[in-house]
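The values are calculated or read from the model by the stated rules, or taken from the named source; none is laboratory data. Worth saying up front: this structure is predicted, and the values here are computed from it rather than measured. Every residue, glycine as well, gets a Cβ built from its backbone with ideal geometry; the counts of neighbours run over all protein chains shown. To get the accessible areas, we keep the full protein, side chains included, count just its heavy atoms, and leave off ligands, DNA and RNA. Shrake-Rupley method; radii C 1.70, N 1.55, O 1.52, S 1.80 Å.
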Amino acid sequence: PVWRWHAGWSRIAEHFRRVPPEALAFELLNEPRDAATTERMNALYPAAVAAVRAVDPRRTLIVSPGDWGSLKAVPELRLPRELRNLVATGHS
């Protein structure tokens, strides 16, 4: 279930919160595909970002669109309002 994914990110953030933010970034889901479409990830990322930010507000987070992180899908990616330390990636 989705809530486990968000809770998992909260636990990961807690585990690594003493690691300096410039030394470690989190990629929330590498190369989303199949059911992890860009539309689905747009719905999931905000809560995952919030879960990490609640524990570690300075950690850099990396997000990708669906279709294996396709570069052509990056424009469809809807990022959370808070863009500080948030990186969008795309594969070509």
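Residue check: is ALA13 surrounded by fewer than 16 Cβ atoms within 10 Å (Cβ to Cβ) and modelled with pLDDT of 95 or more? Spelling it out, it is not the case that ALA13 is surrounded by fewer than 16 Cβ atoms within 10 Å (Cβ to Cβ) and modelled with pLDDT of 95 or more. Taking the range 63-75 as the range and being out of contact with any Pro (no Cβ under 6 Å at 6 or more places or on another chain) and assigned to a helix (DSSP H, G or I) as the test, the residues that pass are ASP67, TRP68, GLY69, LEU71, LYS72, PRO75. Going residue by residue through the range 20-29, is there one that turns out to be open to solvent by less than 20 Å² (accessible area, probe 1.4 Å), at pLDDT 95 or above and either under 26 Å from SER92 (Cα atoms) or of a type in the set (Val, Ile, Thr) (or both)? The answer is yes; a qualifying residue exists. Restricted to the range 63-92, and to residues that are closer than 26 Å to ARG18 by Cα and modelled with pLDDT of 90 or more, which residue is surrounded by the fewest Cβ atoms within 10 Å (Cβ to Cβ)? That would be VAL87. Note on the range 37-62: residues that are open to solvent by less than 60 Å² (accessible area, probe 1.4 Å) and either part of a helix (DSSP H, G or I) or over 15 Å from GLY90 (Cβ atoms) (or both) amount to 18.
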